[in-house]
Amino acid sequence: MLAPTATVTHTAALARFGHALSDPTRVGILLALREAPAYPSDLADTLGVSRQVMSNQLACLRGCGLVEATPDGRRSQYRLADSHLAPALNELLQVVLVVEPDCCDGEGCSCA
């Protein structure tokens, strides 16, 4: 019999991460925040979604423990919650290239 390699807590955390990655808008937010912190309105404009959609998706990512808000006057700026997330997302993009090698045909692609 194989010994378990992760605890229930580990698997639950990884499942939350998978849930966060299951929505294209949330993935777009995470990829954008790899570069620098951002305000929700700027993220909404960049990703082409309403501010309400952005608010809902940021709440989900906060609940998953992947982003955090820093108050800035009357607004809040968002950033990745941990320094390990940006390299992990970069590695996942490399996995995407293995699974879907033609996903990066455009000149604007920066995942390779």
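The table for this structure:
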{"read-out": "Residue in the stretch 40-81 that is most open to solvent (accessible area, probe 1.4 Å), counting only those that are in a strand (DSSP E or B) and closer than 25 Å to A12 by Cβ", "value": "R79"}
{"read-out": "Counted residues, the stretch 5-39 - those being surrounded by fewer than 11 Cβ atoms within 10 Å (Cβ to Cβ) and either of a type in the set (V, I, T) or not in a helix (DSSP H, G or I) (or both)", "value": "7"}
{"read-out": "Residue list for the stretch 21-44, restricted to those being under 23 Å from P71 (Cα atoms) and either of a type in the set (G, A, S) or at pLDDT below 90 (or both)", "value": "G28, A32, A36, A38, S41, A44"}
{"read-out": "Subset of the stretch 82-93 (residues that are open to solvent by 80 Å² or more (accessible area, probe 1.4 Å) and either touching an Asp or Glu at 6+ places or on another chain (Cβ under 9 Å) or small (G, A, S) (or both))", "value": "S83"}
{"read-out": "Residue match in the stretch 94-105 (condition: in a loop (DSSP other than H, G, I, E, B), over 12 Å from the mean Cα position of the chain (by Cα), at pLDDT below 90 and exposed (fewer than 14 other Cβ atoms within 10 Å of the Cβ))", "value": "yes"}
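The values are calculated or read from the model by the stated rules, or taken from the named source; none is laboratory data. Worth saying up front: this structure is predicted, and the values here are computed from it rather than measured. Neighbour counts are summed over all protein chains in view; Cβ atoms, including those assigned to glycine, are modelled from backbone coordinates with ideal geometry. Accessible surface is based on the protein model in full, side chains and every heavy atom, while ligands, DNA and RNA are left aside. Shrake-Rupley method; radii C 1.70, N 1.55, O 1.52, S 1.80 Å.
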